[in-house]
Amino acid sequence: MKKLLLLLLSATLIACDSDDDNTPNRSSENIEVSIDGGTPQPYKMNIEARFIPLPPTSGFMGYFVIDSSNGTDAFHLELPRTIQSDYTAPYTVTITNPVLINSVLTIEGVDIDYANTTNTVTLQLQQYGNVGQQVVLDVNGTYFDSSNAQHSIAIAIDVERDPFTNP
């Protein structure tokens, strides 16, 4: 009976190893872009999510950037530069300036007229972990395409923060 109990206990411990996908620090490494409430399009290849430090002479400490692709088109998102040593969550910022939107969000394969002054996106950072931990960010807003048609955009980001490496 003791051997059977020990065998069952050992099997249970092996089944609950440290790579269990249900642990709270585990990220799904997923970026999904949805236009006009349509089917979310994944951009989950080669995801890099890192804080980029800036030189003190810039007046900023750095910024957080996420780069990825869907195999054909690239995805790029930057949080606005910060004077803090890092971001704290929750963090929300709404961007309406077309120049800022162009520098903050670029999605190849999505027709965005970056010069349109009525484009608006709101970035909502829910979780911002240390290197190796989860970063959860939502982007929502409206934009106009090159035919001047208005669209809604929703981006769900759940990635693992990578370390900064000097190029």
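Looking at segment 94-115, which of its residues are among the small types (Gly, Ala, Ser) and part of a loop (DSSP other than H, G, I, E, B)?
Gly109, Ala115 - these are the residues of segment 94-115 that are among the small types (Gly, Ala, Ser) and part of a loop (DSSP other than H, G, I, E, B).
Mind checking which residues of segment 116-136 are closer than 15 Å to Gln150 by Cα and outside any strand (DSSP E or B)?
If the condition is that a residue be closer than 15 Å to Gln150 by Cα and outside any strand (DSSP E or B), then Asn116, Thr117, Thr118, Asn119 are the ones that fit.
Being over 12 Å from Gly109 (Cα atoms) and either among the polar types (S, T, N, Q) or in contact with a helix residue (DSSP H, G or I) (Cβ under 7 Å, 6 or more places away or on another chain) (or both) is the filter here; which residues of segment 35-50 pass it?
Within segment 35-50, Thr39, Asn46 qualify.
Condition check: of a type outside the set (Asp, Glu) and within 26 Å of Gln150 (Cβ to Cβ). Does Gln84 satisfy that?
It is false that Gln84 is of a type outside the set (Asp, Glu) and within 26 Å of Gln150 (Cβ to Cβ).
Mind checking which residues of segment 40-66 are surrounded by 15 or more Cβ atoms within 10 Å (Cβ to Cβ) and small (Gly, Ala, Ser)?
Ala49, Gly62, listed by residue number.
With respect to Asn140, is the statement that it is loosely packed, with under 14 Cβ neighbours inside 10 Å, at negative phi and within 15 Å of the chain's Cα centre (by Cα) true?
Taking the combined requirement at face value, the residue does not satisfy it.
Look through segment 41-87, keep the residues that are modelled with pLDDT under 90 and among the hydroxyl-bearing types (Ser, Thr, Tyr), and return whichever of them is farthest from the chain's Cα centre (by Cα).
The qualifying residue farthest from the chain's Cα centre (by Cα) is Ser85.
Mind telling me which of the residues Thr88, Thr92, Thr82 ends up being farther than 19 Å from Ser28 by Cα, without any contact (Cβ under 8 Å) to a residue 40 or more places away in the chain and surrounded by fewer than 13 Cβ atoms within 10 Å (Cβ to Cβ)? Break it down into steps so the answer makes sense when it comes.
Numbers: Thr88 fails: without any contact (Cβ under 8 Å) to a residue 40 or more places away in the chain; Thr82 fails: surrounded by fewer than 13 Cβ atoms within 10 Å (Cβ to Cβ).
One residue alone meets the criteria, Thr92.
Which numbered condition in (1) buried (at least 17 other Cβ atoms within 10 Å of the Cβ); (2) under 23 Å from Asn46 (Cα atoms); (3) of a type in the set (A, V, I, L, M) is the only one that Ala74 fails?
Among (1) buried (at least 17 other Cβ atoms within 10 Å of the Cβ); (2) under 23 Å from Asn46 (Cα atoms); (3) of a type in the set (A, V, I, L, M), the lone unmet condition for Ala74 is (1).
The values are calculated or read from the model by the stated rules, or taken from the named source; none is laboratory data. It should be emphasised that the depicted structure is a prediction, and the values quoted were computed from it without experimental measurement. Here Cβ is always computed from backbone atoms with ideal geometry, including for glycine, and neighbour counts include all displayed protein chains.
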